[in-house]
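This report concerns only the one structure given below.
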Amino acid sequence: MLSDSGQSRYFGLLSCLAIVTLLFGAYGLITDVLRWPNALLFPGWKKIIPAFEVSAKQLVDGLLSSLSLLVPAVALSILVGVGAGLFIGLRPKVEAVLTPFIRAVNPLPSTMLIPYAIAVMPTFWSSSFIIIFVGVLWPVLINTLHGVAMLEPRWIDNARCLNLKGRQLVFKVVLPGAMPQVFAGINAGLIRSFLLLTVAEMIGSKAGLGFFVQYYADFAKYDRVIVGMIWLSFVVVVIMTMFDLLKKRILYWTKKR
Amino acid sequence: MTLAPYLTVEGASFWYDNPNHVVLKDINLAINRGEFVAVIGPSGCGKSTLLRLLAGLVKPPVGRLTAAGRLIEGPGLDRAVVFQDYSLFPWMTCRDNIVLALERAGLGQTKAERRTIALGYLNLVGLAQDGDKLPGELSGGMRQRTAIARALAINAPILLMDEPFGALDEITRARQQDLLLDLWQGGSTDQNAGKTVFFVTHDVEEAVILGDRVIVMGTHPGRVVREVPVNLPRPRSRMGSLRSPNFPILRDRLLTELNLVVDERLAPGVEVGAAI
């Protein structure tokens with residue numbers, strides 16, 4: 001069992017750092033010391049660290065550019081996905097009609113939309129926005145629907161005994177009760193969003209972290225490519241950790257049942 | 001002053017989808033205003049379903065139910081329900097659970113008043129310090145006391161309780177029984193006294209300690225087998241009742257009734273009604 005105590009979190013962080021050090025050390029050993037793999041494709045730390053220093057400003061600018069696309073797109077997906085999920089989930093007849101369509105569309109990778117998004121939307125930003133929005137929307141929508149369907153009958157009984165209706169029913173009972181599933185959907189959506197963001201930027205952008213990696217790959221500057229990948233991973237870890245903290249706070253009650 | 005029954009079940013039968021699987025068959029009950037009725041029966045006799053009918057959570061395909069002279073057509077805040085272990089929303093603090101119920105009861109209080117009233121009722125059940133805790137942070141007994149506080153706070157004339165102490169350990173259960181007796185008999189405030197209570201339990205002693213009348217139900221299909229008046233004086237306390245010479249007689253009588261119900265199920269064909 002994972003424990004929540006401060007001591008174990010401290011231990012977790014230390015182990016995590018130890019593993020990272022070990023991996024970086026191993027990479028340094030085979031590149032810098034043993035010079036075993038191709039030095040162009042796998043540059044050692046001696047090349048990567050200076051590349052980091054000269055890229056710092058580009059990395060920060062790229063991050064801001066990526067976030068200015070990611071944040072609004074994901075936010076809108078969550079808003080629409082949760083809203084539609086609650087609306088449809090609370091109307092069994094509507095849900096029965098829509099379920100086959102939702103099931104049909106869900107597994108299609110939204111990267112398949114890229115040619116259309118580029119053709120239809122006027123700018124890179126708007127076409128990427130659509131692709132990320134659609135990609136995140138489905139897991140959020142489907143998990144919200146699932147959360148509403150899985151609401152414990154006793155909560156519904158309880159709400160009915162209190163004559164809860166309309167907005168109060170939605171915001172006091174249905175949404176909080178479905179929240180664990182909603183968070184699972186957002187979690188899946190976030191992971192998809194990073195993938196879609198970098199793909200979109202690698203294809204069509206002049207800025208952003210995906211563009212940074214693609215740009216230097218085109219010039220075979222793999223030290224910069226690796227810098228971009230490490231930076232991107234770091235950003236993803238930070239965002240997901242923040243998300244976990246938020247989840248822990250909002251879903252505090254699920255631990256105390 | 002009329003003495004028309006306050007809570008009635010008239011010829012109600014119940015089944016879910018298949019009329020051949022009758023859950024409750026031809027139930028007739030008349031409960032007076034201010035009466036405390038305990039319902040016992042083996043599992044599967046439909047006692048909780050009967051409570052759900054009274055709560056308006058399900059509708060009987062046959063028969064009618066009334067509360068305070070009005071037909072029961074759905075849930076209503078004139079009937080406060082206390083379930084076995086889930087009367088509270090786990091994502092709200094105990095106080096917010098009560099405040100929400102007060103809001104719905106539409107008693108015309110301001111937000112601040114509701115919070116004060118909620119705290120007052122938590123205080124009444126000995127939980128003045130725990131209003132800001134989540135239900136999951138309390139023990140089972142404390143949760144049930146919060147649920148009772150909520151039921152009393154909305155000032156419903158009718159209390160429907162579905163094995164509210166069924167999941168508690170023996171000592172906690174005994175304390176809750178005394179608390180409920182005390183509140184219902186008006187030990188603390190008169191406003192809480194004199195409610196009409198429909199109390200489902202599987203514990204014969206609990207039924208005798210609390211009830212003015214005990215309704216014994218049988219299975220296959222669920223039906224009322226016997227109604228036994230509890231001739232113990234009011235106001236009661238748990239210990240006082242246990243020490244009364246009538247207590248073992250009542251308990252044994254009810255246990256005999258229950259055994260007959262169970263025996264009948266084990267050996268079909270024996271007519272229980274005829275045997276008594």
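The values are calculated or read from the model by the stated rules, or taken from the named source; none is laboratory data. Remember, it's a predicted structure, so these values are computed and weren't measured experimentally. Here the Cβ is made from the backbone with ideal geometry for all residues, glycine too, and neighbour counts use every protein chain on show.
From the list B:Gly108, B:Gly74, which residue is assigned to a loop (DSSP other than H, G, I, E, B) and either within 14 Å of chain A (Cβ to nearest Cβ) or closer than 29 Å to B:Leu50 by Cα (or both)?
Numbers: B:Gly108 fails: either within 14 Å of chain A (Cβ to nearest Cβ) or closer than 29 Å to B:Leu50 by Cα (or both).
That would be B:Gly74, the only listed residue that is assigned to a loop (DSSP other than H, G, I, E, B) and either within 14 Å of chain A (Cβ to nearest Cβ) or closer than 29 Å to B:Leu50 by Cα (or both).
Can you spot a residue in segment B:146-159 that is out of contact with any strand residue (DSSP E or B) (no Cβ under 9 Å at 6 or more places or on another chain) and modelled with pLDDT of 90 or more?
Residues of segment B:146-159 out of contact with any strand residue (DSSP E or B) (no Cβ under 9 Å at 6 or more places or on another chain): B:146, B:149.
Of the ones still in play, those that are also modelled with pLDDT of 90 or more are B:146.
Checked against the condition, which is being out of contact with any strand residue (DSSP E or B) (no Cβ under 9 Å at 6 or more places or on another chain) and modelled with pLDDT of 90 or more, segment B:146-159 yields at least one hit.
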Within the set of pairs 6+ apart or on separate chains, which have a first residue in segment A:153-170 that is more than 7 Å from every other protein chain (Cβ to nearest Cβ), a second that is surrounded by fewer than 16 Cβ atoms within 10 Å (Cβ to Cβ), and C-beta atoms under 8 Å apart?
A:Val170/A:Leu90
Considering every residue within segment B:11-32, establish whether at least one is of a type in the set (A, V, I, L, M), in contact with an Asp or Glu (Cβ under 8 Å, 6 or more places away or on another chain) and either crowded, with 22+ Cβ neighbours inside 10 Å or within 14 Å of chain A (Cβ to nearest Cβ) (or both).
yes
Residues that are among the polar types (S, T, N, Q) and more than 14 Å from every other protein chain (Cβ to nearest Cβ): find the helices (runs of 4 or more DSSP H) completely inside segment A:201-257 holding 1 or more of those.
A:209-218, A:222-250
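Looking at A:Ala117, A:Ala184, which is the one that is touching a helix residue (DSSP H, G or I) at 6+ places or on another chain (Cβ under 7 Å), closer than 23 Å to A:Ala75 by Cα and at pLDDT below 90?
Values: A:Ala184 fails: at pLDDT below 90.
Checking each option against the conditions leaves just A:Ala117.
Tell me the helices (runs of 4 or more DSSP H) entirely within segment A:109-195 that contain at least 2 residues that are farther than 28 Å from B:Ala80 by Cα and in contact with a Gly (Cβ under 6 Å, 6 or more places away or on another chain).
Details: elements: A:114-120, A:124-149, A:153-161, A:166-169.
Hits in segment A:109-195: A:124-149.
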On the basis of being away from every other protein chain (no Cβ under 12 Å), more than 30 Å from B:Arg115 (Cα to Cα), in contact (Cβ under 8 Å) with a residue 60 or more places away in the chain and buried (at least 19 other Cβ atoms within 10 Å of the Cβ), does B:Gly46 make the cut?
yes
Against the definition (basic (Lys, Arg) and touching a helix residue (DSSP H, G or I) at 6+ places or on another chain (Cβ under 9 Å)), how does B:Arg33 come out, yes or no?
no
Selection from segment B:115-151 of residues that are away from chain A (no Cβ under 13 Å), basic (Lys, Arg) and surrounded by fewer than 21 Cβ atoms within 10 Å (Cβ to Cβ):
B:Arg115
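Taking the condition farther than 14 Å from B:Ala153 by Cα, surrounded by fewer than 22 Cβ atoms within 10 Å (Cβ to Cβ) and within 17 Å of the chain's Cα centre (by Cα), does B:Val58 pass? Reasoning before the result, please.
Values: farther than 14 Å from B:Ala153 by Cα: yes; surrounded by fewer than 22 Cβ atoms within 10 Å (Cβ to Cβ): yes; within 17 Å of the chain's Cα centre (by Cα): yes.
Taking the combined requirement at face value, the residue satisfies it.
For (1) closer than 16 Å to B:Val200 by Cα; (2) outside any loop (DSSP other than H, G, I, E, B); (3) in contact with a His (Cβ under 7 Å, 6 or more places away or on another chain), each residue gets a yes or a no:
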{"position": "B:Phe14", "(1), (2), (3)": "no, yes, no"}
{"position": "B:Asp17", "(1), (2), (3)": "no, no, no"}
{"position": "B:Leu24", "(1), (2), (3)": "yes, yes, no"}
{"position": "B:Pro42", "(1), (2), (3)": "yes, no, no"}
{"position": "B:Arg52", "(1), (2), (3)": "yes, yes, no"}
{"position": "B:Leu65", "(1), (2), (3)": "no, yes, no"}
{"position": "B:Val99", "(1), (2), (3)": "no, yes, no"}
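This table checks each residue for (1) within 14 Å of chain B (Cβ to nearest Cβ); (2) hydrophobic (A, V, I, L, M, F, W, C).
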{"residue": "A:Val134", "(1), (2)": "no, yes"}
{"residue": "A:Val174", "(1), (2)": "yes, yes"}
{"residue": "A:Gly185", "(1), (2)": "no, no"}
{"residue": "A:Leu196", "(1), (2)": "no, yes"}
What tally of residues in segment A:227-257 results from selecting those that are in contact with a Pro (Cβ under 7 Å, 6 or more places away or on another chain) and among the β-branched types (Val, Ile, Thr)?
1
What's the number of the condition A:Gly147 fails, among (1) at pLDDT below 90; (2) within 14 Å of chain B (Cβ to nearest Cβ)?
(1)
If you check every pair at least six apart or on different chains, which have Cβ atoms under 6 Å apart with a residue in segment A:38-62 that is in contact (Cβ under 8 Å) with a residue 60 or more places away in the chain first and a residue that is acidic (Asp, Glu) second?
A:Pro43/A:Asp223; A:Lys47/A:Asp223; A:Ile48/A:Asp223; A:Ala51/A:Asp223
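Which ones in segment B:54-66 are within 14 Å of chain A (Cβ to nearest Cβ) and within 22 Å of B:Val228 (Cα to Cα)?
Pass one, segment B:54-66, residues within 14 Å of chain A (Cβ to nearest Cβ): B:54-59.
B:Leu54 - this is the single residue of segment B:54-66 that is within 14 Å of chain A (Cβ to nearest Cβ) and within 22 Å of B:Val228 (Cα to Cα).
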